[in-house]
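Structure, as structure tokens:
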There are 2 protein chains.
Amino acid sequence: MSASETEYLTQLGQRAKAASFILASLSAKQKSALLMEISHQLGERKDDILQANAQDVANAKANGLTDAMIDRLMLDEGRLAGVIADIDNVIALADPVGNESESRVLDNGLRLTRRSVPLGVVGVIYEARPNVTVDIAVLALKTGNAVILRGGKETITSNKVLSEVIRSALAMQKLPQDAVQLIDSPDRSIVSGLLRLDKYVDMIIPRGGQNLQRLCAEQSSIPVILGGIGICHLFVDKHADLVRAIDVITNAKVQRPTVCNALDTLLVHQDVAAAFIPNIASHLHSLGVRFHACDKAAGHLDGLGFDVTAAHDESFSTEWLSLTLGIKVVSDIDVAVEHIRQYSSGHSEAILTDDIHAAAHFMNQVDSAAVYVNASTRFTDGSQFGLGAEVAVSTQKLHARGPMALDALTTYKWLAWGDYTSRP
Amino acid sequence: MSASETEYLTQLGQRAKAASFILASLSAKQKSALLMEISHQLGERKDDILQANAQDVANAKANGLTDAMIDRLMLDEGRLAGVIADIDNVIALADPVGNESESRVLDNGLRLTRRSVPLGVVGVIYEARPNVTVDIAVLALKTGNAVILRGGKETITSNKVLSEVIRSALAMQKLPQDAVQLIDSPDRSIVSGLLRLDKYVDMIIPRGGQNLQRLCAEQSSIPVILGGIGICHLFVDKHADLVRAIDVITNAKVQRPTVCNALDTLLVHQDVAAAFIPNIASHLHSLGVRFHACDKAAGHLDGLGFDVTAAHDESFSTEWLSLTLGIKVVSDIDVAVEHIRQYSSGHSEAILTDDIHAAAHFMNQVDSAAVYVNASTRFTDGSQFGLGAEVAVSTQKLHARGPMALDALTTYKWLAWGDYTSRP
């Protein structure tokens, strides 16, 4: 990293930290007023935003991005209205900051309490979708945090206008604009520099693919919330209802195959493999699903009239994000659990069974953020879980696991009131 | 790192992970039986342990370690009895594993609950004191975690025997010995390798000085709990009771100067500096305290008959761990807060004041793990806070902050029971 980049990042960090101290003192009412101002300004500046986004879309087309990519970065009136409506939902949520717990008076008379407070400065590194710029800024401000945003270069024009609108709303509320800062340099070394800014940044949230997650885990000296990568499994036990199973598996695989809680690998107990695999595969095939199957599963797929790819180790290590499904026959539930332990990203796993012992065993033995009995993996989501907002879906174990709600953007401090009290 | 080191660490990690799955299923009763066995075996093997420790002490003397260092690594009958008594205390604590919270039934009928579970595998890197080997193994086992221990080379003989005794207790309880593994190589590259073992290790706790903490923050791809570094401040406000202040400051500085919650920098409001500094300094000087003072503070120390060192930026960035104290005169409470924000390690800070506004302002504005009004910083401690056990004192904001109790060694998973439920 060059000296000028270091200087740039240091100033960015200092400004964010200074702003964070002011934000930390705001009341819930002041933060709501700010979010209402942001919501209002986004509506007022609608034309500028859509025009900037049209520029990003034009650039994306000129650069030959796929239609799927272009669809992800595109904003229109309807999507922008959705982004604004989401702000209103966040305003309505309870403010987790200031809540006190574990309060007690110690033997020496010291009155102790644990108060929830904002983290301080949150750094978010994300790709493609410009709505993340607004979503994450709003969640950070709601919880009294400053935020440093680093979006993808494909949406830089949109992100500049969106962050500028948010900053102008901050100014209108007489709050420091540097509570929201956008890194607009496309230079990748800036990301590496941001990951070492531990003096000023308290948490890094990477919202993007495997490479971004890995980069952050390896390079960051700031605590990172890894997440959003789901290699998800569903195990059809020998005691599963093989008729009702069809709908659940179809939901898990087909409803929205491009998201992290979609099904990647179907594990089938060998006792029901012959009866079940042809049925589920035919049904899924009719919906456009392709298969990577282990030898045994492939045997049950013979003669169904469609091609099947032989599954390798890599098949089971892949988050498909598409209408592809791995299928594997396992000799019993423990082999299913073993497979999940080896290949899962720790996001979401499910068992289908009518046997209470199998259900309990699976729940106890599988160590992922969300474990389901007789339900689709698609439920792993802050909104589905009733958490209000979703900051990210954590696949790591510290601080927050699974869908992260507002309180994951807070920490706590211990406060103690004495009367000139010394330790005995 | 050599190929053989990589292979060694991979196997170490795999064995720990395999053991962790067995530990995670133990009942509180089984874990208590295990800890009782460890307590019993440590008593039975007392002579072996003390003999091994005598070897470490002899080596330390031969290598010219300071008396203070030798005292830290020394075990005798009394200290070993203390280590064993601490196990009995841990046995008596509630088991945080298995507790369910946030339970609710969603609109779609899905029954959701959040169950606390062990983290899995905890890696602990520590220095000198051999009691940490037992303390941390016991806390990890109590919470159903496997642990990989990497102690200092000065206590390697003691640590080998202590870990072997714990492993034999595991075997006697028919539990996997690899729940507790000691890295006995003195090679530093092993530490770097351990910090990248994210496939198997879920949390790293460094218990040691600034260099170790920094190494872990920079090199680890595993979440790290930084802590145990306390650059602690106490601010004497203009409305402080200047008589009662003497005892509290003396307690914070002198009671046990070598620990992280001892006072490092005394900040004094300029309005009371002339009246207070000569008194407190004379008293502390009589107890052996030396001073690094800013210009203004030094002015108030003139003519007291002892030498004062001029404070530089570095003086205020130092965790003294000795009878040295920085003193600085500040023009008001906000300058005190600003100084703390710049120099504090985020551990413990205190204000002495009789003014309720100053007290509230300090509590709100200072962002450290523990903030005190009219009390000594020495209280920041798991036992003093009534938390039962202390795994470490975290100075970071994610997962756990301040004294970490047993629950900091757990995470949670979301469990969902459906009836072949699909997402609408």
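Observations, loosely collected:
- Per the listing A:E127, A:E154, A:E164, the residue uniquely charged (D, E, K, R), at negative phi and crowded, with 22+ Cβ neighbours inside 10 Å is A:E154.
- Screening A:F385 against (1) within 15 Å of the chain's Cα centre (by Cα); (2) open to solvent by less than 10 Å² (accessible area, probe 1.4 Å); (3) within 9 Å of chain B (Cβ to nearest Cβ); (4) at pLDDT 95 or above leaves a single unmet condition, (4).
- The set of residues from the stretch A:192-245 being β-branched (V, I, T) and in contact with a strand residue (DSSP E or B) (Cβ under 6 Å, 6 or more places away or on another chain) comprises A:V201, A:I204, A:I205, A:I222, A:V224, A:I225, A:I231, A:V236.
- Flag if A:S322 is within 13 Å of another protein chain (Cβ to nearest Cβ), open to solvent by 10 Å² or more (accessible area, probe 1.4 Å) and within 21 Å of the chain's Cα centre (by Cα): no
- Put simply, of B:I84, B:I38, B:I22, B:I70 the only residue that is in a helix (DSSP H, G or I), out of contact with any His (no Cβ under 8 Å at 6 or more places or on another chain), within 14 Å of chain A (Cβ to nearest Cβ) and of a type in the set (A, V, I, L, M) is B:I22.
- Whichever residue in the stretch B:350-363 is crowded, with 18+ Cβ neighbours inside 10 Å and part of a helix (DSSP H, G or I) and, among such residues, is farthest from the other protein chains (Cβ to nearest Cβ): B:A358
- Checked against (1) of a type in the set (D, E, K, R); (2) more than 24 Å from B:L119 (Cβ to Cβ); (3) more than 7 Å from chain B (Cβ to nearest Cβ), A:E390 meets all criteria but (2).
- Here B:D313 does not fit the description of being exposed (fewer than 13 other Cβ atoms within 10 Å of the Cβ), free of Cβ contacts under 8 Å to residues at least 24 places away in the same chain, assigned by TED's automatic domain parsing to the domain that holds B:A245 and farther than 17 Å from B:Q342 by Cβ.
- Meets criteria (under 22 Å from B:V224 (Cβ atoms), more than 14 Å from chain A (Cβ to nearest Cβ) and open to solvent by 40 Å² or more (accessible area, probe 1.4 Å)) for B:E77: no
- A:I249 among the β-branched types (V, I, T), buried (at least 23 other Cβ atoms within 10 Å of the Cβ) and either under 20 Å from A:D381 (Cα atoms) or touching a residue at least 24 places away in the same chain (Cβ under 8 Å) (or both): yes
- Residues that are open to solvent by 20 Å² or more (accessible area, probe 1.4 Å) and away from every other protein chain (no Cβ under 11 Å), drawn from the stretch B:103-124: B:S103
- Taking each residue of the stretch A:191-203 that is farther than 18 Å from A:E127 by Cβ and looking for partners that are among the basic types (K, R) and open to solvent by less than 30 Å² (accessible area, probe 1.4 Å) with beta-carbon atoms closer than 6 Å, six or more apart or interchain, yields A:D202/B:K397.
- Among the residues of the stretch A:171-212, not one is surrounded by 22 or more Cβ atoms within 10 Å (Cβ to Cβ) and either out of contact with any helix residue (DSSP H, G or I) (no Cβ under 9 Å at 6 or more places or on another chain) or not assigned by TED's automatic domain parsing to the domain that holds A:L34 (or both).
- Residues in the stretch A:397-417 that are open to solvent by less than 20 Å² (accessible area, probe 1.4 Å), facing chain B (nearest Cβ under 7 Å) and not hydroxyl-bearing (S, T, Y): A:L398, A:R401, A:G402, A:K413, A:W414, A:L415, A:A416.
- Every residue from the stretch A:21-36 that is under 16 Å from A:L139 (Cβ atoms) and either open to solvent by less than 70 Å² (accessible area, probe 1.4 Å) or touching a residue at least 60 places away in the same chain (Cβ under 8 Å) (or both): A:L23, A:A24, A:L26, A:A28, A:K31, A:S32, A:L34, A:L35
- Yes/no for A:I38 being closer than 16 Å to A:E164 by Cα, in the same structural domain as A:V201 (by TED's automatic domain parsing) and at pLDDT 95 or above: yes
- The set of residues from the stretch B:254-265 being in a loop (DSSP other than H, G, I, E, B) and within 14 Å of chain A (Cβ to nearest Cβ) comprises B:Q255, B:R256, B:P257, B:V259, B:C260, B:N261, B:A262.
- When the stretch B:241-253 is filtered for residues that are under 22 Å from B:S368 (Cα atoms) and more than 9 Å from every other protein chain (Cβ to nearest Cβ), the ones remaining, listed by number, are B:I249, B:K253.
- From the options A:A58, A:A68, A:A54, A:A18, residue that is surrounded by fewer than 19 Cβ atoms within 10 Å (Cβ to Cβ), within 25 Å of A:K142 (Cα to Cα) and in the same structural domain as A:A146 (by TED's automatic domain parsing): A:A18
- Taken over the stretch A:371-382, the criterion of being over 25 Å from A:V122 (Cα atoms) and either in a strand (DSSP E or B) or more than 8 Å from chain B (Cβ to nearest Cβ) (or both) is satisfied by A:V371, A:Y372, A:V373, A:N374, A:A375, A:T377.
The values are calculated or read from the model by the stated rules, or taken from the named source; none is laboratory data. Every value quoted in this text rests on a predicted model; they were computed, and no experiment measured them. In this analysis, Cβ positions are derived from the backbone assuming ideal geometry, glycine residues included, and neighbour counts consider all displayed protein chains. Heavy atoms of the whole protein, side chains included, go into the accessibility calculation; ligands, DNA and RNA do not. Shrake-Rupley method; radii C 1.70, N 1.55, O 1.52, S 1.80 Å.
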